[in-house]
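What follows is calculated from the coordinates using simple rules that are stated; it is not laboratory data. Not measured: the values here are computed from a predicted model. All Cβ positions, glycine included, derive from the backbone under ideal geometry; neighbour counts span all protein chains shown.
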Amino acid sequence: MALYLKSGRGLTHRMPVMTCRGREIGMDVALRDKVEPQDGYKLLKVEKLNPTIGAYVGGVDLTQPFGEDVADELRLALAENLAIFLRDQPVDFEAHRRLAAVFGEAHVAPSTKPWRVPGFDEITKMHADENSTYVAGEHWHTDMSCDPEPPMGSLLYLHTIPPLGGDTVFSSMYAAWDALSDRMKAQLEDLSAVHDGVKAFGSLVPKGMELPCTAHPVARTHPVTGRKALYVNRSYTTRIEGIPERESDALLAFLFDHVQNPMFQCRFTWSPHAIAIWDNRCSQHMAIWDYFPQVRSGYRIQVKGEKPV
Ligand code: SIN
């Protein structure tokens, strides 16, 4: 799959360094050969939410076609910030599709069939109201990690938001990995873990629908930045392979708790017609369902990714 920072020479982009429990968490991002050298953004306005994850992006009207120069900067903004947020973008299905194409081909998971928009297989309706008994993504996860090639990213557009609440929280899995001790990293480095679709949404899909179940490395290397990211999540991951079950349970419980550290997080408060774009390879997220019985509604497209290594 084409990686999403396209042409150009390599550069090392230095980001601020933060500390966690007295340890420095490295924030040097070696953006490899796939990016263009740049002195910041020429077209987009990018404002970080914090040093670790999340940025507001302005300076573009996504309802209209845009050029490859804007697309390049969107890809860079995502690589640098893991999750980006654009406000006041009342996109229709075509514009949503055009924006997703910036990052690659659409990922169409068979399990999204019950929620697909007719005529747009890659667009999933995301809706909650007074009749909802659950909302998608209300526990920490990275999207569809049960797939052999999970989506690299997701683009969520919400046209209707509740008067209060309904935020989405994002956590950097670079920061989560970097904050582990060297001993813990050494222990986890060569391990794989099983991600099972049944655990995440087995109760929500039609009876008999087969769901993927795949083992991935506990820590994966991001194909664009070259950075290591923790890759287990509470919603999908059932077990670490090759160690006794009790050890797997204890390690996973520790890691699921670890990714919830606010030091690794940002929180996005939606406004109507905002779009959030996140990189599933280096972040996790959680939808906060604190607005029942109010309405929160929109659409999501996922973009094809590669086999985690
Ligand atoms: C998701 O997990 O894809 C949904 C996130 C949200 O609704 O905020």
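Some notes on this structure:
- Net +/- balance of residues flanking V194 in space, Cβ distance below 12 Å, scoring K and R +1, D and E -1: -1
- Across the range 220-226, rounded Karplus estimates of 3J(HN,Hα) from the backbone phi angles (6.51 cos²θ - 1.76 cosθ + 1.60, θ = phi - 60°) give 10, 9, 5, x, 9, 8, x Hz, Gly and Pro being marked x.
- Loop-located trypsin sites (Lys or Arg not before Pro) in the range 80-169 (DSSP state other than H, G, I, E, B) with a sparse environment of at most 15 neighbouring Cβ atoms within 10 Å: R87.
- By the count of neighbouring beta-carbon atoms within 10 Å, fewest first, V232, V91 end up ordered V91, V232.
- Considering only the chain, percent of DSSP beta bridges that pair antiparallel, nearest 5: 95 percent
- Total lysine pairs in the chain at Cα distances under 22 Å, for residues eight or more apart or on different chains: 26.
- 3J(HN,Hα) along the range 262-272: x, 4, 9, 10, 9, 10, 9, 9, 6, 10, x Hz, from the Karplus curve 6.51 cos²θ - 1.76 cosθ + 1.60 with θ = phi - 60°, whole Hz, x for Gly and Pro.
- Across the range 206-211, coupling constants 3J(HN,Hα) worked out from phi with the 6.51/-1.76/1.60 Karplus curve, θ = phi - 60°, read x, 3, x, 5, 7, 10 Hz, and Gly and Pro carry x.
- Computed over the chain, the P(r) curve from all C-alpha pair distances, binned at 20 Å from the origin, holds 34, 60, 6 percent per bin.
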